[in-house]
1. Mind checking which residues of the stretch 110-130 are in contact (Cβ under 8 Å) with a residue 40 or more places away in the chain and within 17 Å of A182 (Cα to Cα)?
2. Check the stretch 145-165 and report whether any residue there is small (G, A, S), buried (at least 19 other Cβ atoms within 10 Å of the Cβ) and under 23 Å from I38 (Cα atoms).
3. Quick check on my filter: what residues within the stretch 60-101 are surrounded by fewer than 21 Cβ atoms within 10 Å (Cβ to Cβ), among the polar types (S, T, N, Q) and touching an Asp or Glu at 6+ places or on another chain (Cβ under 8 Å)?
4. Would you mention how many residues in the stretch 154-182 are charged (D, E, K, R) and either within 17 Å of Y18 (Cβ to Cβ) or under 15 Å from the mean Cα position of the chain (by Cα) (or both)?
5. Based on this model, can you work out whether L168 counts as farther than 17 Å from F41 by Cβ, of a type outside the set (V, I, T), assigned to a strand (DSSP E or B) and without any contact (Cβ under 8 Å) to a residue 40 or more places away in the chain?
6. Yes or no: V205 over 17 Å from Y18 (Cα atoms), in a strand (DSSP E or B) and under 14 Å from the mean Cα position of the chain (by Cα)?
7. Could you identify the single residue in S142, S104 that is farther than 30 Å from Y162 by Cα, hydroxyl-bearing (S, T, Y), crowded, with 18+ Cβ neighbours inside 10 Å and touching a strand residue (DSSP E or B) at 6+ places or on another chain (Cβ under 9 Å)?
Amino acid sequence: MKRFYDHFGAGQDRQAFYEDPALDDLVAHAALAEARVITEFGCGTGRLARRILTGLPDAAYIGFDVSTTMLTLARRSLASCGSRAAVLQLEPGTVQLPIADRSSDRLISAYVLDLLPVADIGAFFEEARRVLKPGGRLCLVSLTTGTTLVPRLVAGVWSLLYRLRPQLVGGCRPIRLGAYCAPAHWDLLHLRTVVTWAISSEVLVARLRT
């Protein structure tokens, strides 16, 4: 997938027509004004980070991505934020973040977990428990299955294309984030399916139990 997104580059932002309503919902429920350190897994072009940091002049941000092209675009987008925004490269295939235990108030990932194998999604939730401060929030968005007929059909076709040739759908497929949010470790604060142009996105905000 690194090769795909290196080539895709700024084209990712053309997906804003269905991503933005879900991202709006995420930002509305993430209580970002309370955060001092925000980490993003899969920063892409930096579009979401720039939106968040514009409204949080005192927050520090560190974003990670595997794509060299995305890192270049994100650094350019966040240049005006100066030293409080850093963007670093991850090795493909890892969900381990090179940051200290209990160092982040918020861990954000938007339209990334739906690219990962099932085992890696579970591993990411474990990694989130490591990097978040007690009471910190995990803030996620992914493609998901629909709640009504047409979105369900669209999700079904998307899943079929993914099984036949993942490259046709950018390597992502509908998943259910809530299935990975174990009540023993997380207080589920917000879980909603947002449908735009028959494409369904799941928004999840969970607080790490202390």
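1. L113, I121, G122, F124, F125, A128, R129
2. no
3. Answer for the stretch 60-101, where residues must be surrounded by fewer than 21 Cβ atoms within 10 Å (Cβ to Cβ), among the polar types (S, T, N, Q) and touching an Asp or Glu at 6+ places or on another chain (Cβ under 8 Å): T68, T69, Q89, Q96.
4. Of all residues in the stretch 154-182, those charged (D, E, K, R) come to 163, 165, 173, 176.
Now restrict to residues that are either within 17 Å of Y18 (Cβ to Cβ) or under 15 Å from the mean Cα position of the chain (by Cα) (or both): 173, 176.
Residues meeting the conditions: 2.
5. Values: farther than 17 Å from F41 by Cβ: yes; of a type outside the set (V, I, T): yes; assigned to a strand (DSSP E or B): no; without any contact (Cβ under 8 Å) to a residue 40 or more places away in the chain: yes.
In short, no.
6. Details: over 17 Å from Y18 (Cα atoms): yes; in a strand (DSSP E or B): yes; under 14 Å from the mean Cα position of the chain (by Cα): yes.
Yes; evaluated as a whole, the condition is true for this residue.
7. Working: S142 fails: farther than 30 Å from Y162 by Cα.
Just a single option satisfies the conditions, and that option is S104.
A short reminder: the numbers here are calculations on the coordinates, not readings from a lab. What you see is a predicted model; the values in this text were computed from it and never measured. All Cβ positions, glycine included, derive from the backbone under ideal geometry; neighbour counts span all protein chains shown.
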